[in-house]
Amino acid sequence: MQQDRYSLPQRWLHWIIAALVLPALAAGALFFALGFGGLKDTFGMETTNALYKYHKTAGVLVLALMLLRLVLRIRLGAPPKLESLTPQERILSTGVQHLLYLALFAVPTLGWAATAAGGYPVEFFSWKLPGLIAKNPPLAEVLFALHGLAALAVLGLLALHIAGALRHWLIKKDGVMRRMSLFG
Ligand code: HEM
Ligand code: HEM
């Protein structure tokens, strides 16, 4: 690996996972705001079912790609932090990144388990994946609540993460963005 940026597969994984997580969060926000009934009344049955199906599909893809990403992170590591980072920036960015890893495993795992415990299909495109745990509606309620809370944590962490990245890119102009960029 070049010493000044993440390896190409790590950079691709960063942006592919970002492109899956953001729509999954947006769909989740719709589920939260309108519920299944509200969505059905607004968009119709077909679109509502597709929203759930592709929410689950994107989430399962995130889980699989995060596993690959973790293996690469352990095997290839990360380029050393830039000298331009203050000690506070180092602590904050490392903390946020580690918590993002953790949350990006927790959210889809909880979504999968909650779906199975609710007796709903764990859809992946047009396939049905094994639920892995038995139907248990009271447990599903708890797991769905945890799924929502963990997704809220992802949202908060991403706000910090993206604000930090934009500050380095547009204000400090210190090359942090290049470490993860697919260009140049
Ligand atoms: C506009 C959106 C985003 C920008 C500009 C951005 C930018 C960056 C940059 C520049 C880095 C490298 C930081 C460093 O070298 O220390 C990074 C790392 C990281 N980003 Fe993002 N990011 C964005 C969105 C996201 C999203 C949506 C996620 C999660 C779904 C995410 C998760 C991560 C993680 C976990 C790392 C740590 C990488 C590692 O150590 O393996 N980022 N991001
Ligand atoms: C990155 C991955 C994921 C994100 C960011 C995410 C985010 C969210 C959010 C914010 C909600 C709304 C929570 C609420 O209503 O309290 C939600 C609901 C839901 N999620 Fe996910 N989710 C992800 C993965 C998954 C996976 C993998 C599955 C199942 C295989 C899943 C199944 C569901 C279902 C069925 C609901 C509706 C819950 C309800 O209507 O009460 N999610 N998700």
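Contact annotation: residue pairs with Cβ atoms under 9 Å, 6 or more positions apart or on different chains, pairing a residue in region 96-110 that is farther than 10 Å from Val62 by Cα with a partner that is not in a helix (DSSP H, G or I), are Gln97/Ala78.
So that you can scan it fast, the table gives a plain yes or no per residue for (1) of a type in the set (Gly, Ala, Ser); (2) within 12 Å of ligand 1 (Cβ to nearest atom); (3) over 20 Å from the mean Cα position of the chain (by Cα); (4) closer than 27 Å to Trp12 by Cβ:
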position: Phe32; (1), (2), (3), (4): no, no, no, no
position: Leu39; (1), (2), (3), (4): no, no, yes, no
position: Ile74; (1), (2), (3), (4): no, yes, no, yes
position: Pro80; (1), (2), (3), (4): no, yes, yes, yes
position: Leu92; (1), (2), (3), (4): no, yes, no, yes
position: Tyr101; (1), (2), (3), (4): no, yes, no, yes
position: Gly119; (1), (2), (3), (4): yes, no, yes, no
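Annotation for region 134-141: no member residue is surrounded by 17 or more Cβ atoms within 10 Å (Cβ to Cβ), in a helix (DSSP H, G or I) and within 16 Å of ligand 1 (Cβ to nearest atom). Being more than 18 Å from Lys56 (Cβ to Cβ), open to solvent by 80 Å² or more (accessible area, probe 1.4 Å) and under 21 Å from the mean Cα position of the chain (by Cα): is that true of Leu158 here? In short, no. Candidates Leu102, Leu30, Leu25: the one that is open to solvent by 80 Å² or more (accessible area, probe 1.4 Å) and either within 26 Å of Leu149 (Cβ to Cβ) or near ligand 2 (Cβ under 9 Å from one of its atoms) (or both) is Leu102.
Here is a yes/no grid of residues against (1) small (Gly, Ala, Ser); (2) under 22 Å from Arg73 (Cα atoms); (3) touching a residue at least 40 places away in the same chain (Cβ under 8 Å); (4) out of contact with any His (no Cβ under 7 Å at 6 or more places or on another chain):
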{"residue": "Trp12", "(1), (2), (3), (4)": "no, yes, yes, yes"}
{"residue": "Ile16", "(1), (2), (3), (4)": "no, yes, yes, yes"}
{"residue": "Ala26", "(1), (2), (3), (4)": "yes, no, no, yes"}
{"residue": "Phe32", "(1), (2), (3), (4)": "no, no, yes, yes"}
{"residue": "Gly35", "(1), (2), (3), (4)": "yes, no, no, yes"}
{"residue": "Met45", "(1), (2), (3), (4)": "no, no, no, yes"}
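Residues in region 37-79 that are among the aromatic types (Phe, Trp, Tyr) and within 15 Å of Gly111 (Cβ to Cβ) were compared, and the one that is surrounded by the most Cβ atoms within 10 Å (Cβ to Cβ) is Tyr52.
Return yes or no: is His147 assigned to a helix (DSSP H, G or I) and open to solvent by 80 Å² or more (accessible area, probe 1.4 Å)? So His147 does not fit the description; no.
Can you tell me which residue among Ala117, Ala145, Ala165, Ala113 is without any contact (Cβ under 8 Å) to a residue 40 or more places away in the chain, out of contact with any Asp or Glu (no Cβ under 8 Å at 6 or more places or on another chain) and away from ligand 2 (no atom under 11 Å from the Cβ)?
Ala165
Just to verify a result, which residue in region 155-182, among those that are at pLDDT 95 or above and not in a helix (DSSP H, G or I), is nearest to ligand 1 (Cβ to nearest atom)? The qualifying residue nearest to ligand 1 (Cβ to nearest atom) is Ser181.
Return yes when Leu63 is in contact with a helix residue (DSSP H, G or I) (Cβ under 6 Å, 6 or more places away or on another chain) and in contact (Cβ under 8 Å) with a residue 60 or more places away in the chain and no when it is not.
no
The values are calculated or read from the model by the stated rules, or taken from the named source; none is laboratory data. Here the structure is a predicted model, which means the values were calculated and not measured. When we count neighbours, we look across all protein chains shown, and the Cβ atoms used for this are built from the backbone with ideal geometry, even at glycine. Each accessible area value is taken on the protein alone, full model and side chains, heavy atoms only, with ligands, DNA and RNA left out. Shrake-Rupley method; radii C 1.70, N 1.55, O 1.52, S 1.80 Å.
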